[in-house]
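Structure first, commentary second.
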Amino acid sequence: MAERRQCVRFTFYQVAPGWRGLPPEEREAGKREVAAAVHEFTERMVLLRTYSLVGLRHDADLMFWQVSERLDDFSDFAARIASTPLGPYLTTPYGYLAMTRRSMYVKGHVHEGQEGARLQVRPGKGTYLFVYPFVKTRDWYLLPMAERQRMMDEHFAVGHRYPRVKINTTYSFGLDDQEFVVAFETDYPEDFLELVMELREIAASRYTLRDTPIFSCVRTPVEEALDRLGGVESRAEMRG
């Protein structure tokens, strides 16, 4: 069967401080319903993963990485979250919509898992996910294809020096404000830092218009991610 393109959404939530002052039973009810919604839509979507940003960013606490063949699934999921008792205390300071496509720069020999070779997201198992929107300058698109290919080959060569970092590139042209959304999975944040520093030195970097904000996310079971929002001890502490 031919691969089909997938729709991708990164949704970031922040909880209002007033929620932490609610009675414990109200907080627990809200968290139970959000967790139930996540488990429900996990069966419906191709991918639905929960990440915590508590303590890592001041303006976002929770992120859902969603992959589906239907854009409507993202609207339905957002509506379901909003309908929970926790919903009125959640805002979405950031959200990025994208779609998969094959990279025009990946040619010749293609190996399993190669960046840009597939139409479908192939997530890894990394603990950390680094996400950011990305926009190139208009001058980039006016360059001859051969020159762009040369610079992208250099980009790929740098990436291959960091095999413990897996990149997922998705495309937003016409769907959202950015052109790309990139998400890097790894268990080794230090590798990602070195990769980004090295990429700053390649020729293609001069054609970057914007690649912020950048989000450092920790893959976390939904129940634990909700506990990290505050108000109760973590489940790990309660088990101990």
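Read-outs: derived from the displayed coordinates by stated rules, not from any lab. Keep in mind that this is a model prediction, so the values were computed, not measured. Glycine gets a Cβ as well: all are built from the backbone with ideal geometry, and neighbour counts include every protein chain shown.
FRET efficiency for Lys107 and Thr208, Cβ-Cβ distance as r, R0 = 30 Å, nearest 0.05? All intermediate terms of the calculation are to be shown ahead of the outcome.
Values: r = 23 Å, r/R0 = 0.76.
With a Förster radius of 30 Å, E is 0.85.
Let me confirm the definition first: pairs of Lys residues in the chain, 8 or more apart or on different chains, C-alpha distance under 26 Å. How many are there?
On the way: Lys31/Lys125; Lys107/Lys136; Lys107/Lys166; Lys125/Lys166; Lys136/Lys166.
Within the chain, the lysine pair count is 5.
Direction-averaged shadow area of the convex hull around the Cα atoms of region 1-96, nm²? Before the final figure, lay out the partial values.
Working: hull surface 26.2 nm².
Here the figure is 6.6 nm², rounded to one decimal.
Could you work out how far helix 72-82 tilts from the main Cα principal axis of the chain, as a 0 to 90 degree angle to the nearest 10?
On a 0 to 90 degree scale, this one is about 30.
Using DSSP loop states and a limit of at most 10 other Cβ atoms within 10 Å to flag GluC sites (Glu not before Pro), what is the longest stretch of the chain containing no flagged site? Each step should come with its number before you reach the end.
Details: sites that count: Glu3, Glu112, Glu201, Glu233.
Of all site-free stretches, the longest is 4-111.
Once the Cα gyration tensor of region 145-237 is found, what semi-axes does its equivalent ellipsoid get, as square roots of 5 times the eigenvalues, in whole Å, sorted largest first? Walk me through the intermediate numbers first.
Working: eigenvalues 217, 59, 23 Å².
Result for region 145-237: semi-axes of 33, 17, 11 Å.
Please list, in order, the residues from region 59-99 whose amide nitrogen is less than 15 Å from a point placed 7 Å along the Cα→Cβ vector of Arg20.
Label zone hits: 59-62, 90.
Normalising by the residue count of the chain, find the relative contact order in percent from Cα pairs under 8 Å and 6+ residues apart. Don't jump to the answer; show the numbers that get you there.
On the way: 416 pairs, mean separation 64.8, N = 240.
Computed over the chain, the figure is 27 percent.
What is the sum of charges around Arg161, taking Lys and Arg as +1, Asp and Glu as -1, for the other residues whose C-beta is under 10 Å from the C-beta of Arg161? Before the final figure, lay out each step's value.
Values: positive: none; negative: Asp191, Glu194, Glu198.
The answer is -3.
Over the Cα atoms, compute the radius of gyration (one decimal) and Dmax (the largest Cα-Cα distance, rounded to a whole number) for the chain, in Å.
Expressed in Å, the Cα Rg and Dmax of the chain come to 19.1, 63.
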